[in-house]
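Engineer: The structure under discussion is supplied below as C-alpha cells; questions concerning it will follow.
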C-alpha cells in the first residue's frame, strides 16, 4: 500500500521533472524580462517584474531539486537588488554584474537539463 | 478561537507548483485541512468562512507581499489571533526583528523539504500552544 509520504514524494518527483523540462522556457522568460528592463533601466515596473521572476526561479530551483539553478538565481537576485536603490533614486545602473549573473544562470539551467532524465521518455 | 489540535491552515503562496506540493504535504502527511491561496485577495475571500487556526504565508509575492497580507488578514476577526508563520529565505537578524515586530510567531526558512514540512508545522503549533498555556497560567 502506498503511504501518504510516498504519494507526496512521487508528486514532488513529478513536479521536479516538469520544472527541469520547463527550465529553458523559464530562463528565456528571465532573459526577455531582462532585455525589456535593459531597454528602459529606469523603469521600476520592469525591474520589479524581472526581480520577481528571478525570485520565483530561486525558490522553485531549491524546492524542485536544482540547487545550482537556485544558487545562480540567488546571485542574480542579489545583483539586481544592488541596483534597487539606484533605480528608485532615478540613477541608471551599469548592469555588467547582472549580465554576468544571467550568464551563470543560463549555464546552470543547461547543466540541470543535462543531468536530468527526460520526463517524457519511456521508463 | 484557538483549538488544542491544529486543524485548519490558511496558506498563501503565489507559485502554483510550490503551493501544490506544500498543500499536498500538509493535507496528506499532516492530515490538516488547507485553504491554499495564490494571493492576498484570494486569502481575504476565503478567510472568514475558513476560520483558520494558523496562517502560513510566503513573504515575497507580487502585488501584495506576505507582511501586507498578514496585516490585512489581521483586520478580520477570523484571523485576528491565529499564529502567523512566514516562509522566506530572508532570515538575517534585521529581517527576523522585522517579522517579530509584525507579530509573526515563527519562520520556516527556504529552502525547505516539503516532505518534512508537516512535522515542522506540528512543532511550531505545539510551541505556540505551550506558550499560550504558560501565558494563561
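Engineer: When A:52, B:127 are ordered from fewest to most other Cβ atoms inside 10 Å of their Cβ, what list results? Display every interim value, and only then the final one.
Structural biologist: Details: A:52 17, B:127 13.
Neighbour counts put them in this order, fewest first: B:127, A:52.
Engineer: Can you give the convex hull volume per residue for the Cα atoms of region B:1-107, as a whole number of Å³?
Structural biologist: Working: hull volume 10.4 nm³, N = 107.
Cα-based convex hull of region B:1-107, divided per residue, equals 97 Å³.
Engineer: Mean residue ellipticity at 222 nm from the helices of chain B, using -39,500 (n - 2.57) per DSSP H segment of n ≥ 4 over the full residue count, to the nearest 500 deg cm²/dmol?
Structural biologist: Values: 5 runs with 58 residues, N = 137.
Value at 222 nm, helices only: -13000 deg cm²/dmol.
Engineer: What angle do you read, to the nearest 10 degrees and between 0 and 90, between the alpha-carbon axis of helix A:23-39 and the longest principal axis of chain A?
Structural biologist: 10 degrees
Engineer: Among B:105, B:86, rank each residue by its count of other Cβ atoms within 10 Å, from fewest to most, as a rough exposure measure.
Structural biologist: Starting with the residue having the fewest Cβ neighbours, the order is B:105, B:86.
Engineer: Among A:106, A:28, A:78, determine the one that fluctuates most according to a GNM of chain A built with springs between C-alpha atoms less than 10 Å apart.
Structural biologist: Greatest mean-square fluctuation among the candidates belongs to A:28.
Engineer: Kirkwood Rh over Cα pairs of region A:4-115 into Stokes-Einstein at 10 °C, 1.306 mPa s: D in µm²/s? Walk me through the intermediate numbers first.
Structural biologist: Values: Rh = 14.5 Å.
In µm²/s, the coefficient is 109.
Engineer: Give me the Kirkwood hydrodynamic radius of region A:27-81 in Å, from all C-alpha pairs, to one decimal place?
Structural biologist: Working: mean 1/r = 0.0898 Å⁻¹.
Final number for the Kirkwood radius of region A:27-81 is 11.1 Å.
Engineer: While we're on this one: Please order B:40, A:66 by the number of other Cβ within 10 Å, starting at the fewest.
Structural biologist: Ordered from fewest to most neighbouring Cβ atoms within 10 Å, B:40, A:66 come out as B:40, A:66.
Engineer: Follow-up question, since we're still on this one. With no solvent and one equal point scatterer per Cα, compute the Debye intensity ratio I(q)/I(0) for region B:1-40 at 0.16, 0.17, 0.24, 0.35 Å⁻¹ and report its log10, rounded to two decimals.
Structural biologist: For the requested q values the scattering log ratios are -0.39, -0.44, -0.76, -1.16.
Engineer: Computed over the Cα atoms of the protein assembly as shown, what is the ratio Rg over Rh, Rh following Kirkwood?
Structural biologist: 1.00
Engineer: Which residue fluctuates most in the GNM of chain B (Cα springs below 10 Å): B:58, B:49, B:31?
Structural biologist: For chain B, modelled as a Gaussian network with Cα springs under 10 Å, the answer is B:49.
Engineer: Still on this structure, please answer the following. Tell me, what is the FRET efficiency for residue B:130 and residue A:40 to the nearest 0.05, using R0 = 41 angstrom and their Cβ-Cβ distance as r?
Structural biologist: It comes to 0.20.
Engineer: Within 10 Å of each Cβ in A:43-56, how many Cβ atoms from other chains are there, averaged over the peptide?
Structural biologist: Working: counts 0, 0, 0, 0, 0, 2, 1, 0, 2, 5, 1, 0, 6, 7.
Neighbouring Cβ atoms belonging to other protein chains average 2 per residue here.
Engineer: Sticking with this structure for a sec: Roughly what would the spin-label model give for residue B:119 and residue A:13, points 7 Å off Cα along C-beta, in nm?
Structural biologist: With each label point 7 Å from Cα toward Cβ, the separation is 2.0 nm.
Engineer: So what is the 222 nm mean residue ellipticity for chain A from helices alone, if each DSSP H run of at least 4 adds -39500 (n - 2.57) and you divide by all residues, rounding to the nearest 500 deg cm²/dmol?
Structural biologist: Mean residue ellipticity at 222 nm (helix-derived): -27000 deg cm²/dmol.
Engineer: Mind checking the angle between helix A:96-115 and chain A's longest principal axis? C-alpha axes, 0 to 90 degrees, to the nearest 10.
Structural biologist: 10 degrees
Engineer: I've got another one for you. If one takes the longest principal axis of the Cα atoms in chain A, at what angle in degrees, from 0 to 90 and to the nearest 10, does the Cα axis of helix A:44-63 lie?
Structural biologist: In chain A, helix A:44-63 runs at an angle near 30 degrees to the longest axis.
Engineer: For chain B, set up a Gaussian network in which alpha carbons nearer than 10 Å are linked by springs, and say which option among B:44, B:70, B:56 fluctuates the most.
Structural biologist: Of B:44, B:70, B:56, the Gaussian network model singles out B:44 as fluctuating most.
Each reported figure results from applying straightforward, stated rules to the coordinates on display, with no laboratory input. Everything quoted here is computed from the prediction, not taken from an experiment. A quick note on method: Cβ atoms are made from the backbone with ideal geometry, for glycine too, and the neighbour counts reach across all protein chains shown.
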